Every structure is written in structure tokens, then in C-alpha cells.
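Participant: Following this message is one structure expressed as C-alpha cells.
Where a number appears in this text, it was derived from the coordinates with a stated rule and is not lab data. Remember, it's a predicted structure, so these values are computed and weren't measured experimentally. Note that we place each Cβ from the backbone using ideal geometry, even for glycine, and neighbour counts take in every protein chain shown.
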Amino acid sequence: MNLLKNKITLISSIIFILLAGQIKNLQTLSPLSIPKQTSALNFNHHLLKIFSLGQNRLISDILWITTLLESDLKHYKKKDLNSWMFHRFNTISNLDPLFLKNYQFGGQYLNIIKDDIQGSKIIFEKGLDIFPKDYDLNYHAGYLYAFEINDFKKALSRYLLIKDHTEAPKFIESLLTKLKYKSTNNLELAFELTLHNYQTTKDAFLKSKLEADLYAIKATIDLNCLNILKQNCETKDFFNENYILINGKYSAKKKFKEFDLNLRKRP
């Protein structure tokens, strides 16, 4: 009887062990995921300077390397300057103010990847205080001001500093014209500036782009004048074609896009 009981117990144990193994194989555990914003370590730069024993550059280099290795792609949606990557770039700038790459890369990364506009602005401005003529800083800070913050006067000042740089894109003169218009809302001034660029440029692609802008600016001015029944309005477009009257409203023969900056819409 005891022998039979022992056999049953043994068989039952084997069955339970086998079942436990199968259950373990079937079971998938979800990995524990902790956002980098929560797990990242950031240090007070004042304390780091005190305990660095004069090795500020060494510590900033270590922070720089670890920041690049740990960098994430998650947007930071708050506007409280508490993004972990902003704190890293800011701390590095305080430890080693002459580290140019930190401003160039940090400002761009915060703007484009992290969506931390205010953090990006601070990093760019700290860099420009020390490197006011750096092409990359001015170019990317200009983009931030124009397309993210809508501060057209600051964007204009940044692009004006680099318009004659060898790396400046061909469209920069056209962009400057649009920024001047956005700063003043003066279409007549925009037309004169664009016309000057159109008459002086030798680049065929840029010339065609400026031509389209000239058509749009002139049509906007003329049609506004004609449709509110002002006196002495122009009746021909940039290509010397007559505007057409349909159902009591003037329009251009050619379709055109409103002269403006193509601002990137944020979700």
C-alpha cells in the first residue's frame, strides 16, 4: 500500500514539474521599462566644480560621452526646462564654456529630437554669447527663431550674420526677404527686396523661385487694391497679363501661393 502511495506521489510530482516547466516556457514577462527622463542622473554644476579638483574639462567630457550614449528619442512636452538632456548640455556648458560642439549639437538635438524649444533656445544663446560668429550656431538658432518661436527679428539678425558665408545656402537671400516682410508686414518693401535679388542673382533655380515670389507679392498687392475699389491700382500682373474680373471680383490668371514663411506646424 505504501509502495503504491509512493509511486503515485512520485508520478504526481513528475507531472507537476513537467507542467511547471511548460507554463514557464509559455509565460512571457513584460520587461520593466523606465523612461530615461526618470532614470537619468543629473548633477548640480556648482557641486561638480567644487569636487572636480580643477578637472572641469575631464568631467564635462565624461558627461558628454555618457549623454551621447544614453540619448533617447522621446519628446519632452513640458515647458519647465526640466528635460534631462537640457540639464546635461547646460551642465557641460557651465563646466566647459568653450566646448563649441556642446552648443551646436545640444541646441539642435533639443529642438529637433526632444522638442524642447525653450531648452534649445537657452543652449543656442549661451553658445552665441561666446561664439557670436559661428556659422552653425547662427544658422540653426535662426531656424529655431523663425520656424519654432516665430521671432522673425531675431531670426533675421542671425541669418544676416552668415548670409555671405561660404556655406550659406543659395536660398538665404529669399529667406531674408521673407523675414524682413514678417518683421514689418510691408509687402511693398518685400517686393523691392525680392526684385533686387531677382535682378542680381545668376542662379537659374533661385531666379525661378524669386520670380514666383514676385508674382505672388505683386498679385496680392494689386488684387487687394482692385477688390476694395481703390484708385490707381495696377491692372497687370508681374508677367504683364491682365487680371480677370469674375462675378465682380478680380483674380489672377495664374495660381499663386501666398508670400510667406512655410512655418512647421507642431502637433
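Participant: Using the count of nearby Cβ atoms within 10 Å as a rough guide to exposure, how do R57, R88 rank from fewest to most?
Facilitator: R57, R88
Participant: Using a Förster distance of 22 angstrom, determine the FRET efficiency expected from the C-beta separation of K101 and Q55, and round it to 0.05.
Facilitator: 0.70
Participant: While we're on this one: Based on the Cβ-Cβ distance from L229 to S183, what FRET efficiency comes out when R0 is 30 Å, to the nearest 0.05?
Facilitator: Using R0 = 30 Å, I get an efficiency of 0.50.
Participant: How long is the gain from K255 to F239 if the chain were fully straight, where each residue apart is worth 0.36 nm and the alpha carbon distance is subtracted?
Facilitator: 4.5 nm
Participant: Can you give the local net charge around Y250? Use residues other than it whose beta-carbon is closer than 14 angstrom to its beta-carbon, Lys and Arg +1, Asp and Glu -1.
Facilitator: Result for the neighbourhood of Y250: +2.
Participant: According to the square roots a ≥ b ≥ c of the eigenvalues of the Cα gyration tensor, what is the shape class of segment 173-260, taking rounded for a/c under 1.5, prolate for a/b larger than b/c otherwise, and oblate for the remainder?
Facilitator: Prolate.
Participant: What FRET efficiency comes out for the pair L81/F171, r = Cβ-Cβ distance, R0 = 45 Å, nearest 0.05?
Facilitator: It comes to 0.85.
Participant: What is the packing order of peptides 170-178, 235-243, 133-141, taking the mean over residues of other C-beta atoms within 10 Å and listing the highest first?
Facilitator: Answer by packing, highest mean first, reads 133-141, 170-178, 235-243.
Participant: Test of understanding: what is the full-extension gain from S157 to K202, defined as 0.36 nm times their sequence separation minus their Cα-Cα distance?
Facilitator: Taking S157 through K202 to full extension adds about 13.7 nm, to one decimal.
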